[in-house]
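Asks: Okay, handing you the structure first.
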Amino acid sequence: MSAGGLTVGMEIAPAVKRAKRLSPMVYVLIAVGALLLLSLVRLLADARDLTSAGTVQAAITAAVPLAMAGLAGLWSERAGVINIGLEGMMVLGTFGAGYAGYQWGPWAGVAFGLILGALGGLLHALATVTFGVDHIISGVAVNLLAPAAALFLSKLYFAKAPGGGQKQSPRVEDAAKVSVPGIADPLVRIEEKGWFFISDLAGILRGLLTEVSLLSVLAVALIVGTAYVLWRTPFGLRLRSCGEAPIAAESLGVNVYKYKYYAVVASGAFAGLGGAFLAVSSGQFRDGQTGGRGFIGLAAMIFGNWRPGGLATGAGLFGYTDALALRGSTAVHALLLLLGIALMFVAVIQYRAGHHVLSGVAAALGVLFGWWYFVSEQVPAELVGAAPYVVTLLVLGLASQRLRIPRAIGEVYRRGEGK
């Protein structure tokens, strides 16, 4: 018996309550509130590096490779293929940038790094999509083989090159940088005044609008472009359907294999681009240069709920804390107070959302970091380098909620299974 097209007696899944989207004005208010908090901590801790233009520029440099790794994971996993081989693909990108960059310039290095990363993605797609190899095993294999291959090729090509070595390439020229004309000098004068909020805003704007690498501009364009392509085009809908319900997608005429290949090869290209940025921005390829950024990028993508905006936020948080770590223990000591206050805000948000356990953990950690700040004068040097990793995973892990993984992720798909 049926009514209104629904069979009576069948269990009907309850409608999923969609989270209410925040308006642009709410995001503006959040940004203003975050800047007010930074300004307050900067005054209390007398730590001008918290909002200086140099810190912002260093944060962008550190965040871009991580964002590209997260974007790589997003493309692959939205199509249903787990890609933990991002670290290895980034390593291929660093070598490619070092090899081509010192001979033909930074953009040739970027292009070659992207191509090598795409080849790593192609190998992962061949193993997982065509041959049905377990996604984790394939990703681990990429992470083991890529660094070994890069080190071997480094010894082969760089050891006898002028300025090179067995584990590093000759110097690579940095990409061109651009600035918004006419604003640098006024912003410098305002920043140097040390005014509450106004000087902090000037420092951040100067870091964002002056001496910005064209590679960073490209990264922002790719994040925005990904959001548009995957959520606003038929191509993106078909690709995402392969990660949600590949059999249903096939029944509607989608070539699931083809779209999975598109996604995983693009994933490798983005990871290679992130590695190339590392090599070009630092001036050379070095063995071990990625430093686990592929895994951190994957974590940022997961905590960002498989969304471009979420992974960009995670990458920005890592980049900012990494930039503070480069400033030394004084800046990281001020970060303790900032982190303590931020975790208290997270505790309130989680409590209002009904996540009382997460709220309690966040509140306890917030009190602990605040106490640590007031009873100490600096952070031990051994912990300064670990600060970016600890802070990023801690804040994203406690702030994340309602994570929604693609339904068919990690599954082995075979053409014609739905027939």
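The values are calculated or read from the model by the stated rules, or taken from the named source; none is laboratory data. Predicted, not measured: the structure shown is a model, and the values here were computed from it. Using ideal geometry, Cβ is built from the backbone for each residue, glycine included, and neighbour counts are taken over all protein chains shown. Note: accessible area is taken over every heavy atom of the protein model, side chains too, but ligands, DNA and RNA are not part of it. Shrake-Rupley method; radii C 1.70, N 1.55, O 1.52, S 1.80 Å.
Asks: Shape verdict for segment 355-419, please, from the Cα gyration tensor: rounded (a/c under 1.5), prolate (a/b greater than b/c) or oblate.
Replies: oblate
Asks: Using the alpha carbon gyration tensor of the chain, what are the three equivalent-ellipsoid semi-axes (square root of 5 times each eigenvalue), largest first, in whole Å?
Replies: Each semi-axis is the square root of five times an eigenvalue, giving 36, 31, 19 Å.
Asks: Next question, about the same structure. Compute the distance in nm between two label points, each set 7 Å from the Cα along the Cα-to-Cβ direction, one at Leu43 and one at Ala31.
Replies: 2.3
Asks: Can I ask one more? Can you work out the base-10 log of I(q)/I(0) for segment 155-206 at q = 0.18, 0.21, 0.27, 0.28 1/Å, using the Debye formula on its C-alpha atoms alone?
Replies: The calculated log intensity ratios at q = 0.18, 0.21, 0.27, 0.28 Å⁻¹ are -0.62, -0.72, -0.95, -0.97.
Asks: What order, most packed first, do the peptides 337-348, 374-385 have when packing is the mean number of other Cβ atoms within 10 Å of each residue?
Replies: The densest-packed peptide leads the list: 337-348, 374-385.
Asks: How big is the C-alpha Rg of segment 104-249 next to the rule-of-thumb value 2.2 N^0.38 Å, as a ratio?
Replies: 1.52
Asks: For a Förster distance of 45 Å, can you work out the FRET efficiency between the beta-carbons of Arg402 and Gln103, rounded to the nearest 0.05?
Replies: That pair, Arg402 with Gln103, gives E of 0.40.
Asks: What does the charge add up to near Tyr320, with Lys and Arg as +1, Asp and Glu as -1, over the other residues with Cβ less than 13 Å from its Cβ?
Replies: -1
Asks: Find how much the distance from Gln378 to Val348 grows on full extension, using 0.36 nm per residue of separation minus their present alpha carbon separation; answer in nm with one decimal.
Replies: Full extension of this stretch gives 8.0 nm more.
Asks: How many angstrom separate the Cα center of segment 348-419 from the Cα center of segment 143-174?
Replies: One Cα centre to the other: 36 Å.
Asks: Let me ask something else. How do 165-177, 349-361, 100-112 rank on mean C-beta neighbours within 10 Å, highest first?
Replies: 100-112, 165-177, 349-361
Asks: So how far apart, in nm, are the two label points at Phe131 and Leu252 if each is 7 Å from Cα heading toward Cβ?
Replies: My value for the distance between the label points is 3.2 nm.
Asks: Here's something else I'd like to know. First compute the accessible area of the chain with a 1.4 Å probe, then give the percent of it belonging to carbon and sulfur atoms.
Replies: Answer for the chain: carbon and sulfur cover 67 percent of the accessible area.
Asks: Once you charge only the Cβ atoms, +1 for Lys and Arg and -1 for Asp and Glu, what is the size of the charge dipole of the chain about its Cα centre, to the nearest 20 debye?
Replies: With Lys and Arg at +1 and Asp and Glu at -1, about 1000 debye.
Asks: Calculate, for the chain, the solvent-accessible area per residue in square angstrom, rolling a 1.4 angstrom probe over the heavy atoms of the protein chains.
Replies: With all protein chains present, the chain gives 49 Å² per residue.
Asks: Could I have the simple spin-label model distance between Val188 and Val412, label points 7 Å from Cα toward Cβ, reported in nm to one decimal?
Replies: 6.3
Asks: I would also like to ask the following. When the convex hull of the C-alpha atoms of segment 279-386 is computed, what volume per residue in Å³ does it have?
Replies: Normalising the Cα hull of segment 279-386 by residue number yields 121 Å³.
Asks: Show that you can apply the helix-only estimate: for the chain, add -39,500 (n - 2.57) for every DSSP H stretch of four or more residues, divide by all residues, and state [θ] at 222 nm to the nearest 500.
Replies: -23000 deg cm²/dmol, from helical runs alone.
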